[in-house]
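Laboratory data are not the source of any read-out in this text; all were calculated from the coordinates shown. Here the structure is a predicted model, which means the values were calculated and not measured. Using ideal geometry, Cβ is built from the backbone for each residue, glycine included, and neighbour counts are taken over all protein chains shown.
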Amino acid sequence: MISNLVLSYLVLGVPLLFAMVIIVLPTQAIPSTSRIGAFLSGLTAMFLSISLLCHPKTELVGKWLILDPLAGLFVAIIGAVGTASILLSPSYLRDTSSSVVTLGNRDRVFFCILFIFLAMLYAVPLAGNIGAAWLLVEGTTATSALLVGFSGKRRALEAAWKYLILTSVGMGVALLGIALLADSSHGGGLGGLTWKALGTFRTSHSDALIAFVLVLVGFASKIGWAPVHNWLPDAHSEASPPISGLLSAALLPSVLLVAWRFSAAVSYVIGTKAVHEVLIAFGLVSLTIAVPFLWQPLPWKRLLAYSSLEHMGILALGIGFGGPLALAGVVIHIVGHAIAKSLGFYSATPLLAHDPRSSKHCPSGIGRSCPKLGASMGISLATLSGLPPLPLFASELLIMAGGFETGHGVVASIAALLLAFGFIGLIQAFLTIITGDSHHHNAESLVKVRVAGVFRTGIVSLGLLLGLTYIAFFLPSSILVHDIIYRMR
Amino acid sequence: MIGLAEWLMVGFGLGVIAVRRRSTAVTLATGQALALAGIAIYQAQSINEAIAAAALGIRAVALATLLVLLVSRTRETRPVRASVPPAIRCGIAVAMALLLVWLVPIANKSRMGITQVSLSLVGFGMVMAATRRATLFQILGIIFVENGLALAALGLTNGSSLIIELGVTLDLSLIAVVASVFHDRIFAEFGAGDISMLSDLRD
C-alpha cells in the first residue's frame, strides 16, 4: 500500500516529469504524450484524494506538506479539471493559428508550461506553510500569465499584462504581511509560518490584525475578490478555453483555500469575529460588484468570468459565516462551481468555431442553431445561476441558512437579495443563449462543428451535478464537515 | 538606524520614479539592487546568509542584463509620457511610503529603520506600477516591491528559512522575466511599450 506521502510526491512529480519529457519529444508525439500525462496525473490525484477523504485520521501536517481531507478535495478538483483541460487542449490548438512562439514550437511550449502550471497548482492546497503557499501561488501567476497571453493576440497580451502586474503587486502586499507575521512569531522564520504555528504570535492584537489584512488583501487580488478583481474578467475571457477552465475552476478556489487556512490559523490571535467580518466584507463587495455585470449582454467567456467573481464572493461569505450549514454549502459550492464552470469554458471552443462573433458579442439562439452545444452551455449556465435542483441552489441555500444560524441574518438577507438579482441576470442570459433569436445570424457565418465531446462532457457533468445535489442533503452532518469545522474553527 | 546603503536604496527609488529615460531608470534600479546585495553581504553572519546574499548579487546582475537587453531590443521612437508629472509622482510616492510606515506595525524596534526603508520601497513600487504608462517602468515597480521585501527579510529570519528567502527571490525574478517577455511582445504588437494602448478590454 503506497503511503499518502509517496502519493503526494507522485501527484507533484508526474506533471513535472511530463513537462520535461515534452521538451525532448518529437513534435508529432506531443499530443499523445500529453494525453498519457493527463491520465497519469489525474489518476494519481484521484488516488491521493480518495485516500485523504476516506481516511481523515491518517492526515499529515508537516512543515512543508499538509495532507488532510480539504487538501484531498482540492486535489480531486484540480486533477479532474486539469486532466480535462489537457485532453481538450489539442482541439483548441488545432483551431488556432496565432501564438507568442513559432508554430513549430507552439505545442511543445504550450504543454510544457501547462504541465508545470498543473504541478504548481497541485502543490498549492498541499502547502504546509504560508511561505511555501505564497511561493507556489506566485509561481502559478508566472506560468498561467504565459498561458493567458499565449495566443499573442492584442487582447490576450493586454489581459496577461494586467493579470501579471496586478496580481504580482497584490502578492507583494501579501508577502509584506507574511514578513511582519514571521517577525513576530515564536522563533521567527519558517517555524513561525506553518499553519499550526501561525497562531502563536508575540505581537499585539492590532498589529496581527494589520498583518492579517495585508495578507488577505494580497491573496484577494489573486482570488479575484472585489475590489481587487480587475484582472479577472480580462484574463478569464482572453485565455484559451481549457486554460480559462483551469483558472476559474481550480486556481481561484485553491488560492481561496490558502486564504481560508491562513484565516483559520490567525483567528487564534485576532479572534474569529474579526476574521469572519473581513471575509464577509470581501464576499458582499464581490457580490455587489458582480451582479450588475450578470445583467449585461456579455460575450460568453466574459459572462462566465463575472460569474466567477460572484461565486468567489459567495464562498467568502460561506467561510465568513462558518458553522456546519455554511461550510457544507462551501464544500458543495466549490465542487459544483468547478464542474459547471469548466463545462462552460470547455463549451467556448466549439462555440467560437460555430459562431466566431461570439468572442465579442453575447451569443444568441445557440440552442436552435446547434442543440448539443446549447445543451452543454445551458447545463453550465443553469447550474451557475443556482437553478433548482442543481447543486449551487442547494449550496447557496445552505450558506444563507448558515448565515442565519451563526447570527449574520442581515448580511445573509442582503446576500440572498443580491443572489436573486444575479439569478435573474443569468437566467435572462440563459434564455437568450439557448432559445433566443438566432435570425440575426448570417447562416453562412455559422460553422458546423463537432460537439460530441463537449456534449458527452455535459451529460456526465449533469449526472455529477445531480449527484452532488443529493449529497448536499447529508453533508452538513457528515464527518467531512465536522472535520473541516474542527480544523478551520 | 538607517545606513548609507539604505538611504541609497531610497534615493535610487525616488530617482526612478522621477526620471523619464528608460536607460537611466534601469541604471538606478540596478544601483538599488546592488545596494541591497551589499547590505546582505555586510550583514551575513552564517553560511546560509552568505548564500542568500550571493543570490541577491547574482539576481541584481541578471536583472540588469535582462533590462538592458530589453531596452536595446525595444527602442522607443519617443519616450512614453507618464500621465502624472514627475514632481507629483514623487510626492505621491513619499506620501505612500509615509502612510505605510504609519500604518504597518514594527514589532522588532532594533530593526525599525531597515523596516521603514523596506516599506518605503514597497510603496514606491506600488506607486510606480500605478502612475507610469511605460511597461518597462511597471516591471521596475515589481522589482522595487521585490527589493523592499528582500530587505525586510534580511536578518529577519533564521537559517531554516533560506529556502523561502531564495524561493521568494527566484519567484519574483521569474515574474520580472515573464513581464519582460510580455513587454517584448507588447512592443512588437503595438509598436510601443505603453499601457495606454492596452485599452480594448472594457465593459
(Q) Neighbour counts of other C-beta atoms within 10 Å: give me B:Glu6, A:Glu238, A:Glu138 arranged from fewest to most. (A) B:Glu6, A:Glu138, A:Glu238
Q.
Limiting things to C-alpha atoms, what are the Rg and the maximum Cα-Cα separation (Dmax) for the range B:55-119, in angstroms?
A. 17.5, 49
Q) To the nearest whole number, what is the average tally of beta carbon atoms from other chains within 10 Å of the beta carbons of peptide A:147-160? A) 4
**Q.** Placed amide H near B:Asp194: partners under 5 Å, 5+ positions off or other chain
**A.** B:Thr135
Q. When Lys and Arg each count +1 and Asp and Glu each count -1, what net charge do the other residues less than 15 Å away from A:Ser144, Cβ to Cβ, add up to?
A. -2
Q) If Lys and Arg each add +1 and Asp and Glu each add -1, what is the summed charge of the other residues whose beta carbon sits under 15 Å from the beta carbon of A:Thr432? A) +1
Q. Considering every residue in A:138-145, what mean count of other chain Cβ atoms within 10 Å of its Cβ is obtained?
A. 4
Q | Using alpha-carbon coordinates, inclination of helix A:69-95 to the longest axis of chain A, degrees | A | 20
Q: Taking only Cα atoms and a 10 Å spring cutoff, compute GNM fluctuations for chain B and point out the largest among B:Phe182, B:Phe12, B:Phe144.
A: B:Phe182
Q. How far apart, in nm, are two points set 7 Å out from the Cα along the Cα-to-Cβ line at A:Phe474 and at B:Ala95?
A. 6.0
**Q.** In Hz, Karplus ³J(HN,Hα) per residue of the range B:27-44 (6.51, -1.76, 1.60; θ = phi - 60°; x = Gly, Pro)
**A.** 4, 5, 5, 5, x, 5, 5, 5, 4, 4, 4, x, 4, 4, 5, 4, 8, 4
Q) By the scheme Lys and Arg +1, Asp and Glu -1, what is the net charge of all other residues having a beta-carbon under 11 Å from that of A:Asn4? A) -2
Q. Extension gain A:Gln428-A:Arg357, at 0.36 nm per residue separation less the Cα-Cα distance, in nm?
A. 23.6 nm
Q. For the range A:343-435, max minus min Cα coordinate along each principal axis, in Å, sorted largest first?
A. 49, 20, 19
Q: Rounded to the nearest 0.05, what FRET efficiency do A:His482 and B:Trp102 give with R0 = 51 Å and r taken as the Cβ-Cβ distance? Could you check?
A: 0.70
Q.
If amide hydrogens are placed 1.01 Å from N in the peptide plane, which non-local residues have theirs closer than 5 Å to the one on A:Ala127?
A. A:Ile66
Q: Would you please state which residues of the range A:1-15 a label at A:Thr58 would reach in this model, taking the label point 7 Å out along Cα→Cβ and a backbone N cut-off of under 19 Å?
A: A:1-13
Q. Taking only C-alpha pairs under 8 Å that are 6+ residues apart, what is the relative contact order of the range B:18-171 in percent?
A. 26
Q) P(r) for chain B: what percent of alpha-carbon pairs falls in each 5 Å bin, starting at zero? A) 1, 7, 16, 20, 19, 15, 10, 6, 3, 1, 0
Q.
Output the 0 to 90 degree angle, nearest 10, between the alpha-carbon long axis of helix B:47-73 and the longest principal axis computed from the alpha carbons of chain B.
A. 10
Q) Angle between the Cα long axis of helix B:135-153 and the longest principal axis of chain B, 0 to 90 degrees, nearest 10? A) 10
Q: Using the number of other C-beta atoms within 10 angstrom as an exposure proxy, rank B:Asp200, A:Asp107 with the fewest first.
A: B:Asp200, A:Asp107
Q) How big is the protein assembly as shown in terms of Cα radius of gyration and Dmax, in angstroms? A) 24.4, 75
Q. For B:Arg111, A:Arg450, what's the fewest-to-most ordering of other Cβ within 10 Å of each Cβ?
A. A:Arg450, B:Arg111
Q: Take the alpha carbon atoms of the range B:1-67, find their center, do the same for the range A:453-489, and report the distance between the two centers in whole angstrom.
A: 51
Q | Per-residue [θ]222 nm for chain A (sum of -39500 (n - 2.57) over DSSP H runs n ≥ 4, rounded to 500) | A | -26000 deg cm²/dmol
Q. Can you give the Kirkwood hydrodynamic radius of the range A:271-489 from its Cα pairs, in Å with one decimal?
A. 17.7
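Compute the length gained on full extension between B:Ser83 and B:Ile47: take 0.36 nm times their separation in residues and subtract their Cα-Cα distance, giving the result in nm to one decimal.
Working: separation 36, 0.36 × 36 = 12.96 nm, distance 4.63 nm.
Extending this stretch completely gives an extra 8.3 nm.
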Q. Assuming R0 = 35 Å, what is the FRET efficiency of A:Val101 and B:Thr24, from their Cβ-Cβ distance, to the nearest 0.05?
A. 0.60
Q) Gap in Å between the Cα centre of the range A:1-73 and the Cα centre of the range B:185-203? A) 39
Q. With contacts defined as alpha carbon pairs under 8 Å and 6 or more residues apart, what's the relative contact order of chain A in percent?
A. 13
Q. When you look at the Cβ of every residue in A:25-31, what mean number of other chain Cβ atoms sits within 10 Å?
A. 0
Q. Given the pairs A:Lys196/A:Lys222; A:Lys222/A:Lys273; A:Lys196/A:Lys301; A:Lys57/A:Lys273, which span a C-alpha to C-alpha distance of over 32 angstrom in this model?
A. A:Lys196/A:Lys301
